[in-house]
């Protein structure tokens, strides 16, 4: 048996053990050493994932122990999460939380990325659930790492309580799904649906609702989104960015695997674009489509009232989850390519936005939007970077977010779901208002006593590394789009959908 697909996971595990041992030996005297080891483990896992030979389009994907499958999809997501973890550690050092993050913080980030690596390869419901919980438990502790912060403690308690309930609901739903499938593998589930074992079964509807409820909590989709604003506001900005990007992406990866097993290669298409509203693809697809509409709308409308930067970004991330759910509801090769493309854009935009939020909180002592007053003239470079990110999150050209939303809505309209696309476009117009309000405070409201933010070269370099791709890939996005389509062509194969 070829064990090479586990090399990234082994490297992350060695990194976790090394950080624990070094932290115990150094007793906090050399924090740069443990930080360097953690960054090296993440970089090594990403490189190892990239050099793994995958099956490609003309062969079957290799399955390890019957539960893990190496394919281009799992490689892409492993690299995605390693990059997110790498940036999170650097942003923590430069943000408002921990100037010298302790070994326990680094271990939790590495553990979460390890869970995401296993999750990316999981084609078995048990392995998928265990990997999902590994990510979630690490996230619970990361949120409440600042023990002296009452808001952080409150956020951690809310997160773990709501997360525990959602996990229990999803686990019970998965037990029902296993009963219908006659096994825990996604292939067994696909065969059971193809054989008609779930047709007309009310209990199958209950199972789909419970499973989706668990996933909806993980990706902060309405109506299971209520934890996100409080948790993001109470957590350090870097941790909030990690949850908004990596944790949310993990939820979508799991959803892609499960939904793919229930689709059996069927691509929904509207028979009449002017009257067809929801895709016809069974209970799970209908739930996803309704959740997409509610999540976009509630996220954008709630963001209109926010006066705190991290809360605004939290509601914005909820709205973006709705856009991504649209692509799962449409479920075509173009839609899956657009989803991967959108996630890459989302990584740069959100991590950079939370990084800047952390810098502002570090320097001004508050994350209120009013703290941005006067920055446009006193910190031109940082203000321009924030403006680029907000325009990109809105979906305006010539930024990466525009290219991502262009492909997103093209995939929706291409399948004939006009009304879904129109609702998404209207939500984009709403988002323009609250992003523009932040820019108005940033550039057009002056504060005489506002000090110049102290930005080091490390701050400027990290911001540039995240913001430049938002502009560069917005102008030259064709190569990235061709790559996303190439990966998406492999998705029907890797999910076992015939």
Conditions (1) modelled with pLDDT under 90; (2) within 16 Å of residue 401 (Cβ to Cβ): number failed by residue 330 | (2)
Whichever residue in region 292-310 is over 17 Å from the mean Cα position of the chain (by Cα) and crowded, with 20+ Cβ neighbours inside 10 Å and, among such residues, is nearest to residue 355 (Cα to Cα) | 309
Does residue 216 satisfy being modelled with pLDDT under 90 and crowded, with 24+ Cβ neighbours inside 10 Å?
-> no
Name the one entry in 233, 213 that is within 30 Å of residue 145 (Cβ to Cβ), part of a helix (DSSP H, G or I) and in contact with a strand residue (DSSP E or B) (Cβ under 7 Å, 6 or more places away or on another chain).
-> 233
Please tell me if residue 9 is closer than 30 Å to residue 66 by Cβ, part of a helix (DSSP H, G or I) and either free of Cβ contacts under 8 Å to residues at least 40 places away in the same chain or within 23 Å of the chain's Cα centre (by Cα) (or both).
-> yes
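Matching residues to (1) touching a helix residue (DSSP H, G or I) at 6+ places or on another chain (Cβ under 7 Å); (2) farther than 25 Å from residue 150 by Cα; (3) surrounded by fewer than 24 Cβ atoms within 10 Å (Cβ to Cβ); (4) at pLDDT 90 or above:
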residue: 221; (1), (2), (3), (4): yes, yes, no, yes
residue: 224; (1), (2), (3), (4): yes, no, yes, no
residue: 241; (1), (2), (3), (4): yes, no, no, yes
residue: 244; (1), (2), (3), (4): yes, no, no, yes
Which pairs do you get when a residue that is farther than 18 Å from residue 249 by Cβ, found in region 104-120, comes within reach of a residue that is surrounded by 23 or more Cβ atoms within 10 Å (Cβ to Cβ), reach meaning Cβ atoms under 6 angstrom, with the pair 6+ apart or on two chains?
-> 106/19; 106/34; 106/38; 107/19
If we scan region 417-438, do we find a residue that is under 23 Å from residue 291 (Cβ atoms), touching a residue at least 60 places away in the same chain (Cβ under 8 Å) and not in a helix (DSSP H, G or I)?
-> yes
Any chance residue 462 is under 30 Å from residue 373 (Cα atoms), crowded, with 17+ Cβ neighbours inside 10 Å, modelled with pLDDT under 90 and under 23 Å from the mean Cα position of the chain (by Cα) | yes
Scanning region 37-55 for residues that are over 13 Å from residue 82 (Cα atoms) and surrounded by fewer than 14 Cβ atoms within 10 Å (Cβ to Cβ), which turns out modelled with the highest pLDDT?
-> 51
Apart from one, (1) surrounded by fewer than 17 Cβ atoms within 10 Å (Cβ to Cβ); (2) modelled with pLDDT of 90 or more; (3) touching a helix residue (DSSP H, G or I) at 6+ places or on another chain (Cβ under 9 Å) all hold for residue 482; the odd one out is (3)
Members of region 396-406 that are surrounded by fewer than 24 Cβ atoms within 10 Å (Cβ to Cβ) and not in a helix (DSSP H, G or I) = 396, 397, 398
Do we find a residue being modelled with pLDDT under 85 and either closer than 24 Å to residue 17 by Cβ or not in a helix (DSSP H, G or I) (or both) anywhere in region 83-93?
-> yes
Say whether the condition of being under 16 Å from the mean Cα position of the chain (by Cα) and surrounded by 24 or more Cβ atoms within 10 Å (Cβ to Cβ) is met by at least one residue in region 155-169.
-> no
Answer yes or no: is there a residue in region 259-266 that is under 18 Å from the mean Cα position of the chain (by Cα) and modelled with pLDDT under 90.
-> yes
If you scan region 372-394, which residues turn out to be at pLDDT 90 or above and touching a helix residue (DSSP H, G or I) at 6+ places or on another chain (Cβ under 8 Å)?
-> 385, 386, 387, 388, 389, 390, 391, 392, 393, 394
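The values are calculated or read from the model by the stated rules, or taken from the named source; none is laboratory data. A quick note: this is a predicted structure, and the numbers were derived from the prediction, not measured. For neighbour counting, all protein chains shown are included, and Cβ atoms are generated from backbone atoms with ideal geometry for every residue, glycine included.
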